[in-house]
Amino acid sequence: MHLQQSQSAGPGVTEDVVKPPRQFVEQSSSLPFGQELSLSSISGPTYLTAQALVQQVAYALSDKIFTYSLESFDLDVAVKLWASQKEKNAFGYETGVSSMETRTGAGSIALGYMFSKDFDLTKRHIPQAIIASSSTLNHLRPALDQLSLLYSVANPLIAHIAAVDYTATSSTGLVTDYVSSLTIADDLGLGLVSSASAFEVQHMSLFATLLSSVVPTIHTYDGITVGRETTRIVDVLDQAGLYNNYQAILKATSGPEKKHSDNEGRLVRLLTAFNDELGTDYELFEYYGHESPESVLVVFGTVEASLAAQVATALAKDGDNLGVINVRVYRPFVEEAFIQALPKSTQTVAVLGQVKDEAAVFDNAVYSQLYSDVLAAVQFSPDHSSTAVTDIKYSREQVWTPSNILDVFQQVYGEHTQSEEVRSYVDILDSSTVRQYSFWNVDESPAANAPVVLGKLLSSDSSSNVLLRTGFDNLVQGGAVRTDIRNSNYTIEAPYSVEQADVTFVGEEKLLKEFDVLNNVKANGSLIIKLPGVKDEDLEKRLSPTLRKDIFTKGVDVFVLDPTLSAQVSEDLSLETYLTQLAFLKVARDDLLSSSLEKLAAINGSSETFKNLTIDLETSLRQVEVPESWSTTEPEIEHVLLPTDINTNSFSVFDRIEPEPPTLLKSWIVAAKGLAFKEAYGTKTALRPDLGIKTTVAYVKEHRRLTPLTYDRNIFHIEFDLTGSNLTYAIGEALGIHAENDKAEVEEFIKWYGLNPDEIVEVPSREDPNVLENRTVYQSLIQNVDIFGRPPKRFYEALSAFADDENEKRNLLTLAGPEGATEFKRRAEVDTITYADILLEFPSAHPSFHDIVRIVNPMKRREYSIASSQHVTPNSVSLLIVTVNWVDPKGRDRFGQATRYLNGLRVGAPVTVSVKPSVMKLPPKTTAPIIMAGLGTGLAPFRAFVQERAYQKQQGHEIGDVLLYMGSRHQREEYLYGEEWEAYQDAGVITLLGRAFSRDQPQKIYIQDRMRQTLSDIRKAYLRDEGSFYLCGPTWPVPDVTAVLQEAVEMEHAEKHGKGGKKVDSRREIETLKEAQRYVLEVY
């Protein structure tokens, strides 16, 4: 690690000068603990990343390195540093490092270098290296194709490929890509070697470099997690050790009798010499598991190989007859070595093969690359002629954990497992000897680097091993970061996120609403939450009911870290990271709190700072009591299913530097010129040109209230005429309503703010910010600017820049900061303050209109599930709407902007609309049953479903059972479309109508109660006849409704297998149904 050295200030300075705290700056996530790494420091037991070791081998044993790395990937950050320091390689001169662009023609310069007239032929035996990600391989393909044809007169070429690519079509962002390496190696006849862990990546980099003397070789390894994890590696070779082993192995395999054979034979001899020289026992294909397995899984890839081997070993200890073969060298594929590794007892071979995407997973015509080789080897083996070979495909987006590797084993082996119950979890780590910690934060937090510092601190104990991994999700809260630390007395190989954390730290309250953090906390573990200014009596309001219940159920100790109670942090927010480090040690490792202050100060901060903050810690960190009332939640409380981990879509923090688009006020003359001289000014006429989606105009055909006028909820049916619009929609899709602000309120705002409604404002198009559009101030406030919406914190901060009054400026900044969190929440959730309210409240902050357009959010369309089938009503579309209205503490009537707009429309009024796809789709077969559960306006898509099934029946198609469960408060007031449902039931379209009116009787009856009463009908339609289940409405009934479906699964399984049969994991069965699109939720 590179530390900032204190410089002498000369003899005239006294020793009591206060030194500024030492800053800990992470250079790159591909470096150990993010710190710069000298080439000479790589030796013996030390902390490294796999990516750093790959660069060491490439730099030491190459003449020149051609790197193809995106700036944020940092695949070459170390070799560029060593080249700038003029470090010499193992051959005695400086390795050339050239940073290249990933584009068409990539690799041409490397090819030209090797075959140029000026090339030093005395270096022809020295390898040339490429460092790149798998996304570069397709661009390198033409150059590699040429090289393979000329390889007998070329330098050895080794390509170290980090298996990582970026895909914009997936929410995961970054994907682990082995498909590119497998395909190009097979097509061009290249060698392909894989590393199964960071502990062997240096050896495999060396072995692949040696193999490049035989054939152009790719060395691939996981580029998202394992490649960047910091871990302790014991037997690291320094540069001299690499060179000595390299030369010795080449010499042992360079005799004339050893050169003249096929590539497979040379590969086998090379690996034998490699093992002899290093004292290792690597195999081309390595088997793990039971001595006499019935089924064997074949895997390729870093995380796949590591986890599959560990899970297979754990299952085999329990007596399960299974195993796994890790393909270390895919090309050349030595079939004899594979058959030798495959136990003779094997009856089934399953290949876990990666394919490009989900479409390929479900395409029966597509097979994984690995499957073809394994199938050929097994079929031509006399010992395994009757062995079955299957292909289990997975996409590049798949993130592997022990649990889903276990799922693969259960999919393959099924009834072969010896366990009495179906496992849902396997722990490959001994949680009693491995301490696990998890940190969640936003990347702009002053304490974002605290876990890396703590990992560095724990690594200073030479008797322990630390594994540190960090991931960035830049699509959540402007940039979220998760860091995991594992600490034990032995080597840790765990290439997956912490699932059983002893201590979890959450540095931003909002993340608790984005992720199910408690899912990864160990029972009886500890949770530290940073909550500035929160009192104990307010804590319950800040934590969701689900979170509170999980805390109580798991017996988690809760600690609150309040930095505002530290006088020092209040004065200097940058000190928060030091306070966070101390708070973690206090909870997780109290034994280190006092003894490690000097070690911490050597990494960051100063001894004086930590001593003072240790005193503040007594008031800043407190444990809170978990009351028994947290153990229960009200049934009507919404239960939101949150992701349990971040999507790693970046290797660095989010870059927040964004150019501001111009927004200018102009006179009407400018707009008139644009309309008069369209070609010269590039003017286009469009419907709502500010919207980046296809829109059309529909006209209100019917507006009918469904609830009585005396009822407190206004639920209405609204139908739009589509004649001449060419708008089409599918069953289950949603209609986007591009609502407008209330004209009277806009006119009132324009008047008191002093605006000219006819003035022209130039705003950027939402589709292309480089295209500017002219609109009047009045148009903008009606259709564009969400002036009556709820402002976020950043608006207060932006508005403060315009405040002339110092008190108003200070108040605005307070509301935008952590100290104003409670007041901001009250304003947003209780007072429902709007942008216009704030402009009225702070009159000295009076931005011009072009600034208002810039700092106020644009209006968004609101989507509503379509309540009609276009087969039944070809020229119209229907919606079911409930108006949103309330009275604020000042007695003012408040309304939901879109529902107020829709409710005010009269027959014949034009509306701008668009169509949005949805997950709510009918099964492909008309005979497949459908079970629908709708609450309130959640019935909308099911009206479309039933209309479509009635149409199908009318057309002569056989239709499956239709089960409709509906829920509302009272039948008399909220029996929405009741007459239609009964008519469809009489016509034989609806098979079962389950009505739950919760407040029509003393005991409340909910939709799940009606489902449970008809469980036999659900079992038949859903499970026996392979129907699909749909739920639409609020989220709160999801757990209860799902529990009913799980009961149906368990009862059906028990009836088939009897009481003595194996238990079924009903939760996983529901997950399987979800993946098959037979369990569909559209909740809000």
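Would segment 844-867 turn up any residue that is over 20 Å from residue 718 (Cα atoms), aliphatic (A, V, I, L, M), part of a strand (DSSP E or B) and open to solvent by 40 Å² or more (accessible area, probe 1.4 Å)?
Looking only at segment 844-867, we keep the residues that are over 20 Å from residue 718 (Cα atoms), and these are 844-860.
Filter once more, keeping what is aliphatic (A, V, I, L, M): 845, 852-853, 855-856, 859.
Now restrict to residues that are part of a strand (DSSP E or B): 845.
Adding the requirement that they be open to solvent by 40 Å² or more (accessible area, probe 1.4 Å) leaves none.
No; the residues of segment 844-867 include none that is over 20 Å from residue 718 (Cα atoms), aliphatic (A, V, I, L, M), part of a strand (DSSP E or B) and open to solvent by 40 Å² or more (accessible area, probe 1.4 Å).
Kindly indicate which of 230, 176 is buried (at least 24 other Cβ atoms within 10 Å of the Cβ), under 30 Å from residue 401 (Cβ atoms) and in contact with a Pro (Cβ under 6 Å, 6 or more places away or on another chain). Spell out the reasoning first.
Values: 176 fails: in contact with a Pro (Cβ under 6 Å, 6 or more places away or on another chain).
Answer to the check: 230.
Test each condition in (1) closer than 20 Å to residue 621 by Cβ; (2) part of a helix (DSSP H, G or I); (3) open to solvent by less than 60 Å² (accessible area, probe 1.4 Å) for residue 546 and report the one that comes out false.
(1)
When segment 809-843 is examined, which residues are found to be open to solvent by 20 Å² or more (accessible area, probe 1.4 Å) and more than 35 Å from the chain's Cα centre (by Cα)?
809, 810, 811, 837, 840, 841, 843
Name the residues in segment 269-304 that are out of contact with any Pro (no Cβ under 9 Å at 6 or more places or on another chain), touching a residue at least 60 places away in the same chain (Cβ under 8 Å) and aliphatic (A, V, I, L, M), would you?
270, 271, 278, 297, 298
Would you be able to say whether some residue in segment 254-268 is closer than 20 Å to residue 57 by Cβ and open to solvent by less than 40 Å² (accessible area, probe 1.4 Å)?
So far as segment 254-268 goes, yes, one or more of its residues are closer than 20 Å to residue 57 by Cβ and open to solvent by less than 40 Å² (accessible area, probe 1.4 Å).
Only one residue in 623, 568 is polar (S, T, N, Q) and either in contact with a Lys or Arg (Cβ under 7 Å, 6 or more places away or on another chain) or within 29 Å of residue 27 (Cβ to Cβ) (or both), so which one is that? Working first, answer last.
Working: 623 fails: either in contact with a Lys or Arg (Cβ under 7 Å, 6 or more places away or on another chain) or within 29 Å of residue 27 (Cβ to Cβ) (or both).
Testing whether each residue is polar (S, T, N, Q) and either in contact with a Lys or Arg (Cβ under 7 Å, 6 or more places away or on another chain) or within 29 Å of residue 27 (Cβ to Cβ) (or both) leaves just 568.
Condition (residue is touching a His at 6+ places or on another chain (Cβ under 6 Å), assigned to a helix (DSSP H, G or I) and of a type in the set (Ser, Thr, Tyr)) applied to segment 893-904: is it met by at least one residue?
Step one: of segment 893-904, the residues touching a His at 6+ places or on another chain (Cβ under 6 Å) are none.
No, segment 893-904 has no match at all.
Right, residue 809: outside any loop (DSSP other than H, G, I, E, B), among the charged types (D, E, K, R), in contact with a strand residue (DSSP E or B) (Cβ under 6 Å, 6 or more places away or on another chain) and modelled with pLDDT of 90 or more or not? Steps first, please.
Numbers: outside any loop (DSSP other than H, G, I, E, B): yes; among the charged types (D, E, K, R): yes; in contact with a strand residue (DSSP E or B) (Cβ under 6 Å, 6 or more places away or on another chain): yes; modelled with pLDDT of 90 or more: yes.
So residue 809 passes the test.
If you take the residues in segment 1065-1080 that are of a type outside the set (Lys, Arg) and touching a residue at least 60 places away in the same chain (Cβ under 8 Å), which one is most open to solvent (accessible area, probe 1.4 Å)?
Step one: of segment 1065-1080, the residues of a type outside the set (Lys, Arg) are 1065-1066, 1069-1073, 1075-1077, 1079-1080.
Right, trim to touching a residue at least 60 places away in the same chain (Cβ under 8 Å) and you get 1065, 1077, 1080.
Working: 1065: 30, 1077: 137, 1080: 14 Å².
Once the filter is applied, the top-ranked residue is 1077.
Which residue, of 61, 53, 75, 81, is among the hydrophobic types (A, V, I, L, M, F, W, C), under 22 Å from residue 202 (Cβ atoms) and in contact with a Pro (Cβ under 7 Å, 6 or more places away or on another chain)? Steps first, answer last, please.
Details: 53 fails: in contact with a Pro (Cβ under 7 Å, 6 or more places away or on another chain); 75 fails: in contact with a Pro (Cβ under 7 Å, 6 or more places away or on another chain); 81 fails: in contact with a Pro (Cβ under 7 Å, 6 or more places away or on another chain).
After applying the criteria, what remains is 61.
If you check 595, 629, 574, 570, which single one turns out to be among the hydroxyl-bearing types (Ser, Thr, Tyr), outside any helix (DSSP H, G or I) and either open to solvent by 10 Å² or more (accessible area, probe 1.4 Å) or at pLDDT below 95 (or both)?
Values: 629 fails: outside any helix (DSSP H, G or I); 574 fails: outside any helix (DSSP H, G or I); 570 fails: outside any helix (DSSP H, G or I).
Residue meeting the stated conditions: 595.
Any idea which of 475, 539, 518 is part of a helix (DSSP H, G or I) and in contact (Cβ under 8 Å) with a residue 60 or more places away in the chain?
On the way: 475 fails: part of a helix (DSSP H, G or I); 518 fails: in contact (Cβ under 8 Å) with a residue 60 or more places away in the chain.
Checking each option against the conditions leaves just 539.
Return the residue satisfying two criteria in turn: it lies in segment 874-886 and is in a loop (DSSP other than H, G, I, E, B) and either of a type outside the set (Val, Ile, Thr) or open to solvent by 30 Å² or more (accessible area, probe 1.4 Å) (or both), and of such residues it is farthest from residue 735 (Cα to Cα). I'd like the intermediate steps shown before the answer.
Going through segment 874-886, the residues in a loop (DSSP other than H, G, I, E, B) turn out to be 874-875, 883-884.
Right, trim to either of a type outside the set (Val, Ile, Thr) or open to solvent by 30 Å² or more (accessible area, probe 1.4 Å) (or both) and you get 874-875, 884.
Numbers: 874: 15, 875: 14, 884: 18 Å.
Here the answer is 884.
Please go through segment 341-366 and give me each residue that is crowded, with 17+ Cβ neighbours inside 10 Å and either of a type in the set (Ser, Thr, Tyr) or in a helix (DSSP H, G or I) (or both), ordered by number.
Within segment 341-366, 341, 346, 348, 360, 361 meet the criteria.
Table: residues versus (1) hydroxyl-bearing (Ser, Thr, Tyr); (2) under 23 Å from residue 722 (Cα atoms).
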{"position": "912", "(1), (2)": "yes, yes"}
{"position": "923", "(1), (2)": "no, no"}
{"position": "931", "(1), (2)": "no, no"}
{"position": "944", "(1), (2)": "no, yes"}
{"position": "951", "(1), (2)": "yes, yes"}
{"position": "955", "(1), (2)": "no, no"}
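Kindly indicate whether residue 213 is open to solvent by 10 Å² or more (accessible area, probe 1.4 Å), within 37 Å of the chain's Cα centre (by Cα) and among the polar types (S, T, N, Q). Give the derivation first.
Numbers: open to solvent by 10 Å² or more (accessible area, probe 1.4 Å): yes; within 37 Å of the chain's Cα centre (by Cα): no; among the polar types (S, T, N, Q): yes.
No; evaluated as a whole, the condition is false for this residue.
Restricting attention to segment 316-331, report how many residues are in contact with a His (Cβ under 8 Å, 6 or more places away or on another chain) and either among the basic types (Lys, Arg) or surrounded by 24 or more Cβ atoms within 10 Å (Cβ to Cβ) (or both).
Qualifying residue count, segment 316-331: 2.
Over 27 Å from residue 168 (Cα atoms), open to solvent by 10 Å² or more (accessible area, probe 1.4 Å) and assigned to a strand (DSSP E or B), is that true of residue 371? Don't jump to the end; show me each part of the working.
On the way: over 27 Å from residue 168 (Cα atoms): yes; open to solvent by 10 Å² or more (accessible area, probe 1.4 Å): yes; assigned to a strand (DSSP E or B): no.
In short, no.
Pairs needed: first member in segment 1000-1025, within 22 Å of residue 959 (Cβ to Cβ); second member anywhere, open to solvent by 80 Å² or more (accessible area, probe 1.4 Å) and assigned to a helix (DSSP H, G or I); C-beta distance under 8 Å; at least 6 residues apart or different chains.
Partner pairs satisfying both residue conditions: 1019/1051.
Any idea which residue in segment 44-72 is nearest to residue 95 (Cα to Cα), counting only those that are open to solvent by 10 Å² or more (accessible area, probe 1.4 Å) and either within 32 Å of the chain's Cα centre (by Cα) or modelled with pLDDT of 95 or more (or both)?
Going residue by residue through segment 44-72, those that are open to solvent by 10 Å² or more (accessible area, probe 1.4 Å) are 44-47, 64, 69-72.
Keeping just the survivors that are either within 32 Å of the chain's Cα centre (by Cα) or modelled with pLDDT of 95 or more (or both) gives 46-47, 64, 69-72.
On the way: 46: 24, 47: 24, 64: 5, 69: 18, 70: 21, 71: 21, 72: 23 Å.
That would be 64.
I'd like to check something: does segment 147-166 contain any residue that is part of a strand (DSSP E or B) and aromatic (Phe, Trp, Tyr)?
yes
The values are calculated or read from the model by the stated rules, or taken from the named source; none is laboratory data. No experiment lies behind these values; they were computed from the predicted model shown. Every residue, glycine among them, receives a Cβ derived from its backbone with ideal geometry; neighbour counts consider all protein chains shown. Surface accessibility is based on the protein's heavy atoms, side chains included, excluding ligands, DNA and RNA. Shrake-Rupley method; radii C 1.70, N 1.55, O 1.52, S 1.80 Å.
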